[in-house]
Amino acid sequence: MKFDIFCIAENETLLCALKKIDENKKGFLLVIDDGNRVLGTLTDGDIRRAFINETNINDEVANVYIKKFERVLIDDEFSKIIEYFKDNRIKFLPIVDWQGKLMNIITKSNMHVLLLEDIVFGLDYDFLSLDEDKLEHEIFNRPWGLYKTTFLNPYSQSKIIKVKPLGELSLQEHKRREEYWVIIYGMGEVIIGESKKRVESGNYVYIPKGCKHKLINTSEDSSLMVAEVQLGDYFGEDDIIRYQDIYGRK
């Protein structure tokens, strides 16, 4: 069964459960019977709490797992899943048939990837095959401050940009994307083509593809924070043509 590393029987040990949780990297298991019916759930947190209460690692799962849990039916609407995941305590949901047999599994991260990627799917979709790493992006340091990508797909990218006091992005242009900036916090100066204007919290800036532009934090003691959305067909850092840079970058 394709969900083997997510399932465990009542009579298996907590040690076995921990090994499966370590293998599936999701932090949970579904407890099932011989007929593949879902009986309950078991998380790494449940096991930790059991150990605090002096449960033995070789004790059976039956003594620890949670028998009251949320589930959705295979013919339910996806909107029901969205409603369940509004509860911060719910991180995953088994999808079952009318007999309670396991048909699928979806995590909250799976749902976020689906919604952001605009994937067409039914509740029989292979949710666990989705790349949840798309939701995680590093913070990149630059001489002028830092940025973090918050979303990336083949036709758009969004970032949060933080420019340190008196920091300046290079005068640059992009051949394959246009950009939209919203000033979140602080004040500064924006150069777009031949024009220059002051910006502050709440201001919006549009940068057409192929247009020279620059962002400057004019404050000596406060950061400038910007939400950036890029639209195009390529978002690599090598689509930056620099004309001027106070940090000497080419």
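Numbers for the structure displayed
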| quantity | calculated |
| --- | --- |
| Alpha-carbon centroid distance for the pair the range 155-175 / the range 191-217, whole angstrom | 10 |
| The chain, relative contact order [Cα under 8 Å, separation at least 6], % | 13 |
| DSSP bridge pairs, the chain: antiparallel proportion in percent, nearest 5 | 95 |
| Distant-in-sequence amide H partners of Gly145 (H built 1.01 Å from N, under 5 Å) | Lys164 |
| Between the range 223-245 and the range 44-114, the alpha-carbon center distance in angstrom | 41 |
| Cβ crowding within 10 Å averaged over residues, with 73-83, 87-97 ranked highest first | 87-97, 73-83 |
| Shape call, the range 165-219: gyration tensor on alpha carbons, a/c limit 1.5 | prolate |
| Prolate/oblate/rounded call for the range 78-131, Cα gyration tensor, a/c under 1.5 rounded | oblate |
| Shape category assigned to the chain from the gyration tensor of Cα positions, a/c cut at 1.5 | prolate |
| Antiparallel DSSP beta bridges within the range 43-161, as percent of all bridges there, nearest 5 | 90 |
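Read the figures in this text as sums done on the coordinates, not as results from a lab. Bear in mind the structure is a predicted one, so any value in this text is a computation, not a measurement. Methodologically, a virtual Cβ is constructed for each residue, glycine included, from the backbone with ideal geometry; neighbour enumeration extends over all protein chains shown.
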